[in-house]
Amino acid sequence: MLDKIKALQDEIKKITVQSADEAEHLRIKYLSKKGKISELVNEFRTIPNEQKREVGQVLNKMKAEATDFINNLKAEFANTKTDEKSEDFTLPGSLMKLGSRHPLSIVRNEIVDIFARLGFNVAEGPEIEDDFHVFTALNFPEEHPARDMQDTFFIEKDPDVLLRTHTSSVQVRVMEKQRPPIRSIFPGRVFRNEAISARAHCIFHQVEGLYIDENVSFADLKQTLLYFAKEMFGEKTEIRLRPSYFPFTEPSAEMDISCTLCGGKGCNVCKYTGWVEILGCGMVDPHVLEYSNIDSEKYTGFAFGMGIERITMLKYQIKDIRLFFENDVRFVEQFKSAL
Ligand code: DAH
């Protein structure tokens with residue numbers, strides 16, 4: 001028995017291999033369940049008990065060395081790729097999965113692009129704001145409910161530090177720094193203390209627009225928004241402006257577009273009215289211009305603000321706003337864009 005073990009040991013020591021395949025054959029030949037070493041182990045079971053101690057030690061040692069030796073041979077070939085198959089350069093490469101843009105980014109880029117064609121540039125402001133830029137400079141009365149803890153996330157009180165509830169605050173930031181003419185849009189995140197549901201979220205996105213110059217009129221506002229609606233939702237889209245109220249614009253309006261789904265005939269998206277609301281707008285209130293030291297006798301302007309989620313939901317017929325924030329790849333992968 002000891003001789004056989006020695007012989008096998010010598011046999012294994014002499015082995016050389018040229019490829020990973022050969023090394024694998026060796027592993028099967030010597031180390032597998034039916035391999036040569038296993039044969040010896042089986043034979044070992046039949047030898048007289050008094051020899052077992054001595055023979056067992058030699059056998060175990062040989063087995064451990066052989067296993068190491070053969071595994072090392074295999075490892076060498078795993079690292080150096082002499083395997084012909086892996087060098088076949090004619091094989092097609094493995095596909096790299098491309099990412100896709102988030103639908104909100106697609107629509108934001110599209111909005112920016114449409115207004116860029118009208119000469120609007122892009123500006124941004126901070127998400128963490130103060131009372132002055134979010135409310136006071138926008139003509140919000142002291143007791144306005146939007147200033148309430150119920151609607152606004154406050155970080156600190158006295159002096160107020162808060163998360164902006166709308167991108168209108170960027171109007172103030174821009175007017176502080178820049179003199180008219182101003183023709184800009186401000187995309188960004190906003191925060192409101194709202195219960196999360198299919199239609200509302202505590203974090204969402206808006207795009208704000210501001211145009212200030214001499215002789216800017218309501219007709220300019222209407223034409224700008226009509227152009228935007230047609231570019232965004234299609235040539236056949238119609239708009240209507242309904243009188244509304246915002247502290248920072250006078251007069252103020254809300255804009256509806258003809259329902260993108262039924263074309264105005266009536267369906268459950270437009271609640272059978274044929275119209276869906278997409279934004280708020282108006283002529284910048286002279287108080288707001290004066291707060292930022294812009295001469296309201298010389299200059300007039302218009303402003304508008306829209307929710308990107310709302311526009312995206314209409315455009316892609318998405319029924320639940322929460323889908324935008326879950327980042328389930330099965331959802332986000334469905335959107336491809338050039339922008
Ligand atoms: N800031 C408003 C909101 O969050 C939207 C808005 C309305 C913005 C009218 C405007 C505007 O610039 O003129 O609901």
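Counting only residues that are in contact with a helix residue (DSSP H, G or I) (Cβ under 8 Å, 6 or more places away or on another chain) and charged (D, E, K, R), which one in the stretch 55-75 is farthest from Met1 (Cα to Cα)? Only one residue tops the list, namely Lys74. Just so you know, in the stretch 152-171 the residues that are farther than 30 Å from Arg183 by Cβ and assigned to a loop (DSSP other than H, G, I, E, B) include one that is farthest from the ligand (Cβ to nearest atom), and it is Asp158.
Quick one: which residue in Leu261, Leu323, Leu279 is surrounded by fewer than 21 Cβ atoms within 10 Å (Cβ to Cβ), modelled with pLDDT of 95 or more and assigned by TED's automatic domain parsing to the domain that holds Val174? Every option except Leu323 fails the conditions. For the stretch 203-221, a residue qualifies if it is surrounded by fewer than 22 Cβ atoms within 10 Å (Cβ to Cβ), in contact (Cβ under 8 Å) with a residue 40 or more places away in the chain and away from the ligand (no atom under 11 Å from the Cβ), and the qualifying residues are Ile203, Asp213, Glu214, Asn215, Val216, Ser217, Phe218, Asp220.
Of the helices (runs of 4 or more DSSP H) contained entirely in the stretch 253-339, not one carries at least 1 residues that are on the phi > 0 side of the Ramachandran plot. So Thr312 clears everything in (1) in contact (Cβ under 8 Å) with a residue 60 or more places away in the chain; (2) under 30 Å from the mean Cα position of the chain (by Cα); (3) within 14 Å of the ligand (Cβ to nearest atom) except one condition, right? Which one? Of (1) in contact (Cβ under 8 Å) with a residue 60 or more places away in the chain; (2) under 30 Å from the mean Cα position of the chain (by Cα); (3) within 14 Å of the ligand (Cβ to nearest atom), only one is false for Thr312: (3). Within the set Glu143, Glu127, the sole residue that is out of contact with any Asp or Glu (no Cβ under 8 Å at 6 or more places or on another chain) and under 23 Å from Leu279 (Cβ atoms) turns out to be Glu127. Within the stretch 273-300, if we keep just the residues that are within 10 Å of the ligand (Cβ to nearest atom) and not β-branched (Val, Ile, Thr), the residue that is farthest from His102 (Cα to Cα) turns out to be Asp285. Evaluating Val112 against the criteria (1) out of contact with any Lys or Arg (no Cβ under 7 Å at 6 or more places or on another chain); (2) crowded, with 16+ Cβ neighbours inside 10 Å; (3) assigned to a loop (DSSP other than H, G, I, E, B) leaves one unmet condition, (3). Based on this model, can you work out whether Gly35 counts as at pLDDT 85 or above, of a type in the set (Gly, Ala, Ser) and in contact with a Lys or Arg (Cβ under 9 Å, 6 or more places away or on another chain)? So Gly35 fits the description; yes. Please go through the stretch 172-201 and give me each residue that is under 13 Å from Ile128 (Cα atoms) and away from the ligand (no atom under 12 Å from the Cβ), ordered by number. Answer for the stretch 172-201, where residues must be under 13 Å from Ile128 (Cα atoms) and away from the ligand (no atom under 12 Å from the Cβ): Arg173, Arg189. Within the stretch 3-28, the residues that satisfy the criterion of being in a helix (DSSP H, G or I) and under 18 Å from Phe77 (Cα atoms) are Ile12, Lys13, Ala20, Asp21, Glu22, Ala23, Glu24, His25, Leu26, Arg27, Ile28.
Of all the numbered requirements in (1) within 30 Å of Thr152 (Cβ to Cβ); (2) touching a Lys or Arg at 6+ places or on another chain (Cβ under 8 Å), Arg242 misses one, and that requirement is (2). May I ask you to list the residues in the stretch 201-216 that are of a type in the set (A, V, I, L, M, F, W, C) and either touching an Asp or Glu at 6+ places or on another chain (Cβ under 6 Å) or in a loop (DSSP other than H, G, I, E, B) (or both)? Cys202, Phe204, Val216 - these are the residues of the stretch 201-216 that are of a type in the set (A, V, I, L, M, F, W, C) and either touching an Asp or Glu at 6+ places or on another chain (Cβ under 6 Å) or in a loop (DSSP other than H, G, I, E, B) (or both). Filtering the stretch 117-151 to residues that are assigned to a loop (DSSP other than H, G, I, E, B), buried (at least 16 other Cβ atoms within 10 Å of the Cβ) and more than 12 Å from the ligand (Cβ to nearest atom) leaves Phe120, Ala123, Gly125.
The values are calculated or read from the model by the stated rules, or taken from the named source; none is laboratory data. In this text, all values refer to a predicted model and were calculated from it rather than measured experimentally. Cβ sites come from the backbone with ideal geometry, for glycine too, and all protein chains shown count toward neighbours.
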